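Visitor: The structure follows.
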Amino acid sequence: MSTTREITCIGCPIGCALTATIVDGVVTDVTGNECGRGPAYARQECVRPERMVTALMFVPGASRPLSVKTARPVPKDKIKDCLEAIRQTRPALPVRIGQVVLVDVAGTGVPVVATCDLAAPARVVITPLARVASAACAGAAAAAAGTKPRREAKGVVTAVADKQDGRCCARK
Ligand code: SF4
């Protein structure tokens with residue numbers, strides 16, 4: 001039994017209108033294509049359609065979701081399963097662009113890869129030097145405002161502040 005099917009090629013922006021002739025489930029003829037990729041796409045689309053899948057993946061500890069995609073097209077009827085598998089996956093930080101975050105999505109044999117970097121959140125470490133600098137800032141601000149700094153680190157505050165701003169001499 002012979003049937004025809006009209007499809008639009010997605011191989012490039014031209015979007016040729018293809019007409020595929022199908023006999024007993026086999027594409028025997030394709031017309032309307034401007035280049036050789038059209039018939040190949042028509043055969044694929046008529047017999048076993050495939051699509052790339054893109055999605056966002058939740059990453060514990062990250063400030064935003066991770067954008068991911070399948071490394072290759074997956075069967076169209078597996079898209080829902082792929083999205084569910086992606087939804088259940090929790091990669092660990094940090095993630096690098098191109099990193100495989102899911103080896104075999106929904107049994108298709110196709111990996112899922114990250115399409116951007118996602119860094120681990122920065123750790124804030126308070127060192128003794130940072131405390132001195134912080135106290136100096138507090139002293140300078142207090143001196144400018146004519147008020148007393150909250151911390152009683154007078155010597156440290158004035159010593160550092162003197163090098164930065166002579167107005168802090170009132171704290172000596
Ligand atoms: S058949 Fe060729 S020229 Fe036409 S849309 Fe497909 S890839 Fe582009």
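The values are calculated or read from the model by the stated rules, or taken from the named source; none is laboratory data. Here the structure is a predicted model, which is why all the values come from computation and not from measurement. All Cβ positions, even for glycine, are placed from backbone atoms using ideal geometry, and neighbour counts span all protein chains on display.
Visitor: Kindly list the number of the only condition in (1) of a type outside the set (D, E, K, R); (2) away from the ligand (no atom under 16 Å from the Cβ); (3) under 22 Å from Pro111 (Cα atoms); (4) surrounded by fewer than 16 Cβ atoms within 10 Å (Cβ to Cβ) that fails for Ser2.
Guide: (3) is the only condition that Ser2 fails.
Visitor: Mind checking whether some residue in region 44-56 is within 29 Å of the chain's Cα centre (by Cα) and exposed (fewer than 12 other Cβ atoms within 10 Å of the Cβ)?
Guide: No, because not a single residue in region 44-56 is within 29 Å of the chain's Cα centre (by Cα) and exposed (fewer than 12 other Cβ atoms within 10 Å of the Cβ).
Visitor: Could you list, in sequence order, the residues of region 10-25 that are more than 16 Å from the ligand (Cβ to nearest atom) and either of a type in the set (Gly, Ala, Ser) or not assigned by TED's automatic domain parsing to the domain that holds Ala40 (or both)?
Guide: Scanning region 10-25 gives a single hit, Gly25.
Visitor: Would you mind stating whether Ile7 is in contact with an Asp or Glu (Cβ under 7 Å, 6 or more places away or on another chain), within 23 Å of Pro75 (Cβ to Cβ) and within 12 Å of the ligand (Cβ to nearest atom)?
Guide: Considered against the rule, which asks whether it is in contact with an Asp or Glu (Cβ under 7 Å, 6 or more places away or on another chain), within 23 Å of Pro75 (Cβ to Cβ) and within 12 Å of the ligand (Cβ to nearest atom), Ile7 comes out as yes.
Visitor: Exactly one of these conditions fails for Val101: (1) outside any strand (DSSP E or B); (2) closer than 14 Å to Leu118 by Cβ. Give me its number.
Guide: Going through (1) outside any strand (DSSP E or B); (2) closer than 14 Å to Leu118 by Cβ one by one, Val101 breaks only (1).
Visitor: Looking at region 42-93, which of its residues are more than 17 Å from Ala106 (Cβ to Cβ) and small (Gly, Ala, Ser)?
Guide: Within region 42-93, Ala42, Gly61, Ala62, Ser63, Ser67, Ala92 meet the criteria.
Visitor: Still on this structure: Sort out for me the strands (runs of 3 or more DSSP E) sitting completely within region 13-96 that have 3 or more residues that are closer than 29 Å to Ala114 by Cβ.
Guide: Of the strands (runs of 3 or more DSSP E) lying wholly inside region 13-96, those with at least 3 residues that are closer than 29 Å to Ala114 by Cβ span 54-57, 66-70.
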